[in-house]
1. Any idea which of Gly67, Gly25, Gly44 is under 17 Å from the mean Cα position of the chain (by Cα) and small (Gly, Ala, Ser)?
2. Within the stretch 192-229, how many residues are surrounded by 15 or more Cβ atoms within 10 Å (Cβ to Cβ) and either at positive phi or in contact with a Ser or Thr (Cβ under 6 Å, 6 or more places away or on another chain) (or both)?
3. Is there a residue in the stretch 189-198 that is part of a helix (DSSP H, G or I) and either without any contact (Cβ under 8 Å) to a residue 60 or more places away in the chain or more than 12 Å from the ligand (Cβ to nearest atom) (or both)?
4. Select from the stretch 70-129 the residues that are of a type in the set (Val, Ile, Thr), closer than 24 Å to Gly44 by Cβ, in a loop (DSSP other than H, G, I, E, B) and more than 10 Å from the ligand (Cβ to nearest atom) and list them in ascending order.
5. Just name the residue that is farthest from the chain's Cα centre (by Cα) out of those in the stretch 142-189 that are surrounded by fewer than 20 Cβ atoms within 10 Å (Cβ to Cβ), of a type in the set (D, E, K, R) and over 18 Å from Leu118 (Cα atoms).
6. Does Arg13 satisfy being under 18 Å from the mean Cα position of the chain (by Cα) and either touching a residue at least 24 places away in the same chain (Cβ under 8 Å) or within 30 Å of Lys145 (Cβ to Cβ) (or both)?
Amino acid sequence: MTDQDQPIQRKIRSFVMRATRMTDGQKKSLDQNWVKYGLALAEGELDIQKTFSKDADTVLEIGFGMGDSFVDMAIAAPEKNFIGIEVHLPGIGRMLNRTETEQVPNIRCYKEDAVEILNDCIADSSLATVQLFFPDPWHKKRHHKRRIVQLEFAQLLRSKLKTGGTFHMATDWENYAEHMMDVMEAAEGFENAAGVGKFQDGRPAHRPVTKFEKRGQRLGHGVWDLIYTKVD
Ligand SMILES: C[S@@+](CC[C@H](N)C(=O)[O-])C[C@H]1O[C@@H](n2cnc3c(N)ncnc32)[C@H](O)[C@@H]1O
């Protein structure tokens, strides 16, 4: 078999690119602010200390959506570094608009697949926290393989977190909450901060309500938070 005869191996991604239109404001913000806050996969391993001009606890959020809760958290914890990863450009435009308008110096952002960024750009044992709030739930059983929380993903995060660092997830879809629990209880090197098999008792005070969560609340959905600590 020659290389040309090989079937094309398509990567299973946790997102589909939506053909959403950007508002003029979002587009302008992206054009003007990217140079100041943007990071790129092609730049390779990130030098966190140089990028933020300080050696501090670093929080990485995957899929910040429209970004309001992400920016709120960065404002509330100016002593920490915040790296956001999102592929939805209108959300990035909006998030950067707030970052610039409200002068939030501790934010940087990638606009590529979080799994690739983690693999290629984030040094081992460099993160204090990884946040994954309301990831795409992929409701249908045949789509469950697209859910970002999988054993392999947990081990990727384990390699990037410092010992004692945390992986904080939240979802409003019960079946995904159970899936997260099953994966993380089986994942080596992590301990459930609420106790084996337990969800957090309500929304932790440091996590603001997100846009997607508000939508779930209007639909009468519950919310499940899970926090796992890297123990080795
Ligand atoms: C359901 S939305 C939730 C957004 C936000 N966290 C909130 O709660 O409002 C999930 C987001 O994750 C992003 N996403 C999914 N997989 C991703 C990946 N592999 N890398 C970066 N972003 C991703 C999607 O573009 C989407 O905006």
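FYI, it's all coordinate maths here, none of it is from the lab. Everything numeric in this text was worked out from a predicted model, so none of it was measured. Cβ sites come from the backbone with ideal geometry, for glycine too, and all protein chains shown count toward neighbours.
1. Working: Gly25 fails: under 17 Å from the mean Cα position of the chain (by Cα); Gly44 fails: under 17 Å from the mean Cα position of the chain (by Cα).
None of the others qualify; the one that does is Gly67.
2. Counting residues in the stretch 192-229 that are surrounded by 15 or more Cβ atoms within 10 Å (Cβ to Cβ) and either at positive phi or in contact with a Ser or Thr (Cβ under 6 Å, 6 or more places away or on another chain) (or both) gives 6.
3. Looking only at the stretch 189-198, we keep the residues that are part of a helix (DSSP H, G or I), and these are none.
Within the stretch 189-198, none of the residues are part of a helix (DSSP H, G or I) and either without any contact (Cβ under 8 Å) to a residue 60 or more places away in the chain or more than 12 Å from the ligand (Cβ to nearest atom) (or both).
4. Ile122
5. Per the stated criteria, the residue is Arg142.
6. Numbers: under 18 Å from the mean Cα position of the chain (by Cα): yes; either touching a residue at least 24 places away in the same chain (Cβ under 8 Å) or within 30 Å of Lys145 (Cβ to Cβ) (or both): yes.
Judged against the criteria, Arg13 is a match.
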